[in-house]
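Enquirer: Quick one: structure below, then a few questions.
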Amino acid sequence: MRRESSRLRQHAQSLDEALSDLAAQSDTDAAAPTGTGICAIPASMRAIAGELDDAGAVLERYATELAEAHELGRRAQLRVERAGLLLDGTRVIEPWGLASALDATLRRSKVPEVQARVDLATAHVGRARGRLEREATRLTERFRTLSLGARSAGETRPARRAPLRAR
C-alpha cells in the first residue's frame, strides 16, 4: 500500500505537469478553471495516496504488535509448560491424573501467575485488533468520502475546451 501510495503521488505530479504544459500552450482563457474537472484530479490522487500511506502504516503497526503478542504468547506457553500446567484455549488448567499432594499444591499455586502471563498476551492481541478495527473503519469512511468526491468531480459540467496549438 505504501509503495502504491508513492506511485500514485508520482502519477499525480506527472498529471499536474501535463496540465501545466497544456495551460501554457493555450493562449486563450477558455481552459477549465482550476479545482474543477480534470484539474481537481491530481489533488484527489494525492489525498488518496495519503490515505493509502496511512493504511499501509496501520497494517505495519498491526504486524509489529502481532509479532510482539506472538512472542508474549510463546513465553507464556513456556511458563505454562515449566509449571507443569496445561493451556485450554487461553485458560491455564492443571493436568489430569495422579499427583502427590505437594505437587498438586505447587502447581495450583502457580496458576494465577502463569494465567496472568497468558492474559497479558491475549490482551495484547485484543488491543492490537481493536486498534486495527478502529483504523480500518476510519480509513473505509475516508476512502468512501474520497471516492464520492472523485465521482462528483467527474460529473461536473463539461468545461469549454481551448483549441490545442499544433506543435
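Enquirer: Please find, within segment 74-91, the residue that is farthest from residue 14 (Cα to Cα) out of those that are in a helix (DSSP H, G or I) and among the basic types (Lys, Arg).
Expert: Only one residue tops the list, namely 82.
Enquirer: Another question about this same structure. Select from segment 56-85 the residues that are surrounded by fewer than 17 Cβ atoms within 10 Å (Cβ to Cβ) and of a type in the set (A, V, I, L, M, F, W, C) and list them in ascending order.
Expert: The answer is 57, 59, 63, 66, 67, 78.
Enquirer: Output the residue which, of all residues in segment 28-73 that are in contact with a Pro (Cβ under 9 Å, 6 or more places away or on another chain) and part of a helix (DSSP H, G or I), is modelled with the highest pLDDT.
Expert: My answer is 39.
Enquirer: Quick one: in segment 86-107, which of the residues that are surrounded by fewer than 13 Cβ atoms within 10 Å (Cβ to Cβ), over 40 Å from the mean Cα position of the chain (by Cα) and not polar (S, T, N, Q) is nearest to residue 131 (Cα to Cα)?
Expert: 95
Quick grid of which residues meet (1) surrounded by 14 or more Cβ atoms within 10 Å (Cβ to Cβ); (2) farther than 26 Å from residue 75 by Cα; (3) modelled with pLDDT under 95:
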site: 125; (1), (2), (3): yes, no, yes
site: 143; (1), (2), (3): yes, yes, yes
site: 158; (1), (2), (3): no, yes, yes
site: 161; (1), (2), (3): no, yes, yes
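Enquirer: May I pose another question? Looking only at segment 114-151, filter to residues that are touching a residue at least 40 places away in the same chain (Cβ under 8 Å) and small (Gly, Ala, Ser); which one of those is nearest to residue 81 (Cα to Cα)?
Expert: The qualifying residue nearest to residue 81 (Cα to Cα) is 121.
The values are calculated or read from the model by the stated rules, or taken from the named source; none is laboratory data. All figures in this text were calculated on a predicted structure; none of them were measured in a lab. Every residue, glycine among them, receives a Cβ derived from its backbone with ideal geometry; neighbour counts consider all protein chains shown.
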